Amino acid sequence: MQRYFVTPEQFEGDRVEITGDDARHITKVMRGRLGDKLIVSDGASREAMVEIESIEAASVFAVVTEPMEMTQEPRLQVSIAQSLPKGDKMETVIQKCTEIGAVSFVPFLSDRTIVQYDAKKEGKRLERWRKIAKEAAEQAHRNRIPSVEQPLSWKNLLAAFSGYDAVYFCYEKEHGSQLRDVLKPFVEQALPNSAEKASLLLVVGPEGGFTEEECRAAEDAGAVSVGLGRRILRCETAGMTALACALYESGEMGGV
């Protein structure tokens, strides 16, 4: 069943108004009719099955037929800090990691970032990234849309480490501590029972990887440097791999 996100203001009482691209999708693509059922979430605290009761030029109005529990989000809340890659690779990272279960994305600039950052163009690019996150969340039946933050400088990224329960710095030259070595003890300590939640930041470099100086700075800021195995992964693959491993270790890949 098709799922749509709306703002809490659009979801009041037992009725919901769907507007914009979603309304056009329902009417033009899905050929929605009165009585059709949809799933609608406000991305915060409410989700329900609804039934279309009227269709207007720019809006679709529906009435709640069945409240639903919001059980699709992982207890281990993993954020992906991705150094800006070339081309549309960031779009791939956001789409696929949203499907897997990331809760937020933190683009940043590092020494070997190739992309020329243009603040004037950033608004349009950020808008597209957030649209991709929304569409991927709907496709994956997520309860919430992952946030996509404004790109950070390297200095500001390091300062943000303190906001997470753990930070893993994915470093291809790390031959000591591997991701599997740190995940299990962290999960056992941070998620001792089903009522607990924990936050984890995975830091992934650009096409050319991180410098040794960046690795030392990240460790000084509280991150743990980890390897992702014997093979070198592309920058758009590393985050997906580490995310899937983290959610598997926390029990999120174990079925319904």
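The values are calculated or read from the model by the stated rules, or taken from the named source; none is laboratory data. Here the structure is a predicted model, which means the values were calculated and not measured. For neighbour counting, all protein chains shown are included, and Cβ atoms are generated from backbone atoms with ideal geometry for every residue, glycine included. Side chains are part of the model used for accessible areas, which takes the heavy atoms of the whole protein and leaves out ligands, DNA and RNA. Shrake-Rupley method; radii C 1.70, N 1.55, O 1.52, S 1.80 Å.
When PHE105 is tested against (1) open to solvent by 50 Å² or more (accessible area, probe 1.4 Å); (2) under 16 Å from the mean Cα position of the chain (by Cα); (3) not β-branched (Val, Ile, Thr), only condition (1) is not met. Summed over the stretch 143-201, the residues that are farther than 20 Å from ALA244 by Cβ and among the basic types (Lys, Arg) give a count of 2.
Taken over the stretch 78-94, the criterion of being buried (at least 19 other Cβ atoms within 10 Å of the Cβ) and either within 14 Å of the chain's Cα centre (by Cα) or within 19 Å of VAL40 (Cα to Cα) (or both) is satisfied by VAL78, SER79, ILE80, ALA81, GLN82, MET90, VAL93, ILE94. The set of residues from the stretch 48-73 being at pLDDT 95 or above and under 19 Å from the mean Cα position of the chain (by Cα) is empty. Every condition in (1) surrounded by fewer than 15 Cβ atoms within 10 Å (Cβ to Cβ); (2) not in a loop (DSSP other than H, G, I, E, B); (3) not β-branched (Val, Ile, Thr) holds for ALA44 except the one numbered (2). Working only within the stretch 193-208, note down all residues that are more than 17 Å from GLN178 (Cα to Cα) and open to solvent by less than 20 Å² (accessible area, probe 1.4 Å). Matches in the stretch 193-208: ALA198, PRO206. For ALA133, are the conditions met, namely being farther than 30 Å from ILE39 by Cβ, at pLDDT 95 or above and either touching a strand residue (DSSP E or B) at 6+ places or on another chain (Cβ under 6 Å) or crowded, with 19+ Cβ neighbours inside 10 Å (or both)? So ALA133 fails the test. Among the residues of the stretch 5-18, the ones that are open to solvent by 20 Å² or more (accessible area, probe 1.4 Å) and in a loop (DSSP other than H, G, I, E, B) come to 3 in all. Taken together, the residues in the stretch 31-41 that are open to solvent by less than 30 Å² (accessible area, probe 1.4 Å) and assigned to a loop (DSSP other than H, G, I, E, B) amount to 1. Counting residues in the stretch 19-30 that are in contact with a Ser or Thr (Cβ under 6 Å, 6 or more places away or on another chain) and outside any strand (DSSP E or B) gives one or more. Residues of the stretch 210-234 that are over 19 Å from TYR164 (Cα atoms) and open to solvent by 10 Å² or more (accessible area, probe 1.4 Å): THR211, GLU212, GLU213, LEU228, GLY229, ARG230, ARG231, ILE232, LEU233, ARG234.
The number of residues in the stretch 145-191 being farther than 30 Å from ASP118 by Cβ, in contact (Cβ under 8 Å) with a residue 24 or more places away in the chain and open to solvent by 60 Å² or more (accessible area, probe 1.4 Å) comes to 6. Each residue in the stretch 192-225 was checked for being within 30 Å of THR71 (Cβ to Cβ), aliphatic (A, V, I, L, M) and touching a residue at least 24 places away in the same chain (Cβ under 8 Å), and 6 pass.
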